[in-house]
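Chemist: What follows is a single structure, and I will ask about it in a moment.
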Amino acid sequence: MKALKILVPWCLVLLIALAFFAPVGPLPGFLIGGAPSEVPGSWGETAGIHEITLEVPGPLPRVVIIWVVQSEGDLYIVGARDSGWVSMLGRGGPVRMRMEDNTFSMNATLLDTGWEPIIKAYLAKYRSGYPEIVDGFPSLDDAAGSISVFRLKGQ
């Protein structure tokens with residue numbers, strides 16, 4: 001009985017800590033989870049995968065839940081230039097990506113050119129499920145100064 005009185009509060013503290021450190025919705029966290037996995041040669045069909053978890057390393061890593069789109073076999077992510085994870089990533093670098101239960105070591109590369117088709121694919125993928133969010137995205141002309149598009153490749 002005495003052990004139960006000690007164990008229950010510690011379990012509650014652990015659950016609260018996990019909720020705090022893992023990303024929840026738009027709030028970033030610090031833990032990515034998942035099983036470390038080799039990057040596949042081909043991603044297969046990813047149209048049904050709406051969200052991934054992305055970890056940007058740093059003294060205090062930032063873990064976010066974001067959308068992903070595949071184009072010509074590569075995976076791409078999009079973020080607002082003034083968001084924390086985009087600022088931390090800068091022009092690119094190593095990241096970890098969790099897709100379903102697998103976590104992959106990746107390299108993110110900022111696209112300076114050729115990002116417009118990626119934005120169009122991104123909008124086409126998410127418009128039907130999230131019209132109110134997608135309708136709030138900037139036009140392609142306005143996006144040039146406000147968003148960053150990154151290609152994700154295996155390291």
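The values are calculated or read from the model by the stated rules, or taken from the named source; none is laboratory data. A quick note: this is a predicted structure, and the numbers were derived from the prediction, not measured. Glycine also receives a Cβ, built like all others from the backbone with ideal geometry; neighbour counts cover every protein chain displayed. These accessible areas exclude ligands, DNA and RNA; they are computed on the full protein's heavy atoms, side chains included. Shrake-Rupley method; radii C 1.70, N 1.55, O 1.52, S 1.80 Å.
Chemist: Go through (1) at pLDDT 95 or above; (2) within 20 Å of S146 (Cβ to Cβ); (3) surrounded by fewer than 18 Cβ atoms within 10 Å (Cβ to Cβ) for P94 and report which single condition fails.
Modeler: (2)
Chemist: Test G73 against the stated conditions and say whether it is within 16 Å of N107 (Cβ to Cβ) and surrounded by fewer than 16 Cβ atoms within 10 Å (Cβ to Cβ).
Modeler: Numbers: within 16 Å of N107 (Cβ to Cβ): yes; surrounded by fewer than 16 Cβ atoms within 10 Å (Cβ to Cβ): yes.
Yes: the conditions hold for G73.
Chemist: Give, as residue ranges, the helices (runs of 4 or more DSSP H) completely inside the stretch 113-155 that count at least 2 residues that are open to solvent by 30 Å² or more (accessible area, probe 1.4 Å), over 24 Å from R91 (Cβ atoms) and modelled with pLDDT under 95.
Modeler: 116-127, 131-134
Chemist: Restricting the stretch 41-70 to residues that are open to solvent by 30 Å² or more (accessible area, probe 1.4 Å) and in a strand (DSSP E or B), which is modelled with the lowest pLDDT?
Modeler: Across the stretch 41-70, the extreme among qualifying residues is R62.
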